[in-house]
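Q: Before I ask anything, here is the structure I am working with.
The values are calculated or read from the model by the stated rules, or taken from the named source; none is laboratory data. Only a predicted model underlies this, so the values are computations on that prediction, with no experimental measurement involved. Cβ: placed from backbone, ideal geometry, glycine included. Neighbour counts: every protein chain shown.
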Amino acid sequence: MKVFVTGGTGLLGNAILRQLKTAGHESVALVRSAYEPIVFEGIETEFVTGDLLDREVMFRAVEDCDVVIHAAGMIHLGWKKLQESMRVNAEGTQVLVDACLRYGRKLVHVGTVNALAVGTRMQPANETTPLDNAGGQVPCSYVVSKRAGVDAVKKGVSQGLQAVILAPGFMLGPWDWKPSSGRMMMALSKGWKAIAPSGGCSVCDVRDVAEATVHAAQTTLPSGREFILAGENMTYLRLWADMAGKFGRRAPIMRAGPLQRWIAAAAGDCIGQIRDEPDFNSAAMRMSAQYHWYDSSRAAQELGYRNRDVQETLDDAAVWLREQHLHRPA
């Protein structure tokens, strides 16, 4: 099987390329004109240089492969950059949907749990939980654009597209080159953070998600089937304590209360008025107070999805971040 993979320089896309090699499949990776060769060390792949919105390049790449795994995406948890997010997460997905429809190729679309419902501490969400559960997702640029991408895939399915939609949780692990989710661990490695966010997330290992993604690509499944690929449901207080411990740092002592969240949100939004929107804007603060807890039972039953122990994930992520980002020469 020959697989076209978008997002190969990202955390999940890079892990998928490595898993494809392990599974004995050929791969073609979409890259921009410039990338660090170290990112693809140990990976045997062809390269296509271009942009998701370049229809000619995308159509040619899709025609030359058997399956497409769309793992590229823009992550911005804020109110700004909606247009840019829509171009990547929605319009880019539409181009691939159109190409797969033209050439009869299967599409494995990587969405996010943030495009689904929000869970609670008492009841993690699954693929059938109503979108307005627990107040619904915060309609920031990331949520809106990723939902639009999933909608494009579902519309394609109604037109005959063969597709599977995956929704990973909060992924950690090696090969976080940019870094993405590893930024949280890096911040905790650099100094004591006394206050943790008040909500929680579902932590999963990128290697487990990559294995399930490749399995979805090579398995016959009902078109349009959605799968949550989440993991250990953790409060941020516990997660931050465990992350800090991997770097010999003190654990936070409390969860953020309403006042702390309001101050951070207001400060972030003010900063965002004069320069790039920071990570601690009001959208991100609202999201961090929610419980993004999920149930991956469907993926376990139909994809054989399994999660390794979260401490193994955190250990390996910490080692990798030390070697590649924290102690790497400039």
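Q: Looking only at the range 113-129, decide whether some residue is surrounded by fewer than 21 Cβ atoms within 10 Å (Cβ to Cβ), assigned to a helix (DSSP H, G or I) and either without any contact (Cβ under 8 Å) to a residue 12 or more places away in the chain or of a type in the set (Asp, Glu) (or both).
A: Within the range 113-129, not a single residue is surrounded by fewer than 21 Cβ atoms within 10 Å (Cβ to Cβ), assigned to a helix (DSSP H, G or I) and either without any contact (Cβ under 8 Å) to a residue 12 or more places away in the chain or of a type in the set (Asp, Glu) (or both).
Q: Which one of these is crowded, with 20+ Cβ neighbours inside 10 Å and closer than 28 Å to Ser288 by Cα: Cys140, Cys100?
A: Cys140
Q: Let me ask something else about it. Of the residues that sit in the range 190-217 and are hydrophobic (A, V, I, L, M, F, W, C) and over 16 Å from Arg238 (Cβ atoms), which one is modelled with the lowest pLDDT?
A: Result: Trp192.
Q: Moving to a separate point now. Within the range 60-74, is there a residue that is over 15 Å from Val214 (Cα atoms), surrounded by fewer than 16 Cβ atoms within 10 Å (Cβ to Cβ) and hydrophobic (A, V, I, L, M, F, W, C)?
A: No, the range 60-74 contains no residue that is over 15 Å from Val214 (Cα atoms), surrounded by fewer than 16 Cβ atoms within 10 Å (Cβ to Cβ) and hydrophobic (A, V, I, L, M, F, W, C).
Q: Return the residues of the range 85-112 that are part of a loop (DSSP other than H, G, I, E, B) and either within 17 Å of Lys155 (Cβ to Cβ) or among the small types (Gly, Ala, Ser) (or both); say none if nothing qualifies.
A: Correct list: Gly104, Arg105, Gly111.
Q: Looking at this structure, is Asp316 modelled with pLDDT of 95 or more, charged (D, E, K, R) and within 19 Å of the chain's Cα centre (by Cα)?
A: Yes, satisfied.
Q: Now for a different question. Across the range 27-47, which residue is modelled with the lowest pLDDT among those that are surrounded by 15 or more Cβ atoms within 10 Å (Cβ to Cβ) and farther than 19 Å from Arg87 by Cβ?
A: Here the residue is Tyr35.
Q: Read through the list (1) crowded, with 20+ Cβ neighbours inside 10 Å; (2) out of contact with any Cys (no Cβ under 6 Å at 6 or more places or on another chain); (3) under 24 Å from Lys80 (Cβ atoms), then give the number of the only condition that Phe170 fails.
A: So Phe170 meets the others, but not (2).
Q: Restricting the search to the range 220-263, which residues are surrounded by fewer than 16 Cβ atoms within 10 Å (Cβ to Cβ), in contact (Cβ under 8 Å) with a residue 24 or more places away in the chain and among the β-branched types (Val, Ile, Thr)?
A: Matches in the range 220-263: Ile253 only.
Q: Mind checking which residues of the range 1-19 are under 13 Å from His109 (Cα atoms), among the aliphatic types (A, V, I, L, M) and assigned to a helix (DSSP H, G or I)?
A: Leu12, Ile16
Q: Quick one: in the range 183-194, of everything that is within 10 Å of Leu326 (Cβ to Cβ) and not hydroxyl-bearing (Ser, Thr, Tyr), which residue is surrounded by the most Cβ atoms within 10 Å (Cβ to Cβ)?
A: Met185
Q: Look through the range 1-39, keep the residues that are among the hydrophobic types (A, V, I, L, M, F, W, C) and more than 19 Å from the chain's Cα centre (by Cα), and return whichever of them is farthest from Leu172 (Cα to Cα).
A: By that ranking, first place goes to Met1.
Q: Also, I was wondering about something else. Which one of Ala251, Ala187 is aliphatic (A, V, I, L, M) and at pLDDT 95 or above?
A: Step by step, each of Ala251, Ala187 is checked, and only Ala251 is aliphatic (A, V, I, L, M) and at pLDDT 95 or above.
Q: For the list (1) surrounded by fewer than 17 Cβ atoms within 10 Å (Cβ to Cβ); (2) small (Gly, Ala, Ser); (3) closer than 30 Å to Asp151 by Cα, I need the number of the one condition that Ala266 fails.
A: Only one criterion in (1) surrounded by fewer than 17 Cβ atoms within 10 Å (Cβ to Cβ); (2) small (Gly, Ala, Ser); (3) closer than 30 Å to Asp151 by Cα is unmet by Ala266, namely (3).
Q: Now a separate question. Out of (1) surrounded by fewer than 21 Cβ atoms within 10 Å (Cβ to Cβ); (2) at pLDDT 95 or above; (3) not in a strand (DSSP E or B), the odd one out for Leu161 is which?
A: The number of the failed condition is (1).
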